[in-house]
Each structure stands twice: as structure tokens, then as C-alpha cells.
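Right, one structure below, let's go through it.
The values are calculated or read from the model by the stated rules, or taken from the named source; none is laboratory data. Just so we're clear, the structure is a prediction, and the values are computed from it rather than from any experiment. Here the Cβ is made from the backbone with ideal geometry for all residues, glycine too, and neighbour counts use every protein chain on show.
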Amino acid sequence: MARTLDQRIAEAESRLTRLKQAQASEARKIDTRRKILAGALVLAHATCNEEWGAQLRALLDSNLTTDRDRALFGLPARRGI
């Protein structure tokens, strides 16, 4: 049985949607990997350079707002914010 033009269009649109989802998923994976690698580099540098380590701790302290995130870096919980 031959498919109608509308069926073929719907199938093509479905394939396109799946391809776009796969592309977005791959982009997220790449972005996550970049962040992990950059973070590892920054943390490694902070351990061997005291001045940079102090600057990083100050940046983290002023920018991390959730207690959960602050705890990851040994920062005290924020009170009243």
C-alpha cells in the first residue's frame, strides 16, 4: 500500500525531530565535558597557587548561593539570604 504525501511528510518531520534531539543531546554532552575539564584545571591550579586559590575561594563565596553548592567547596551556609 502506497503511503500518502501527508504520511511521508509526517515521517520526515518525525525523523527531523529525532535528529534535532540527538544534535541537542550531543551539544549538551560536549558542553558538560568542557565544563568538567575547565573546572578540573581551575581546581588543580588553585591547589598549587595560593594567590589564585584565595581568589577562587572569594569568587565561589560571593557567587554560590545555595547551601548545597557551598558545601561542595567547604564554604559555610549563608544565613538570611
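Listed here are the residues, each with its yes/no results for (1) among the aromatic types (Phe, Trp, Tyr); (2) loosely packed, with under 10 Cβ neighbours inside 10 Å; (3) in a helix (DSSP H, G or I); (4) modelled with pLDDT under 95.
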{"site": "1", "(1), (2), (3), (4)": "no, yes, no, yes"}
{"site": "12", "(1), (2), (3), (4)": "no, no, yes, no"}
{"site": "36", "(1), (2), (3), (4)": "no, no, yes, no"}
{"site": "39", "(1), (2), (3), (4)": "no, no, yes, no"}
{"site": "54", "(1), (2), (3), (4)": "no, no, yes, no"}
{"site": "62", "(1), (2), (3), (4)": "no, yes, yes, no"}
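Within the range 64-81, if we keep just the residues that are at pLDDT 95 or above, of a type in the set (D, E, K, R) and over 16 Å from residue 43 (Cα atoms), the residue that is surrounded by the most Cβ atoms within 10 Å (Cβ to Cβ) turns out to be 67.
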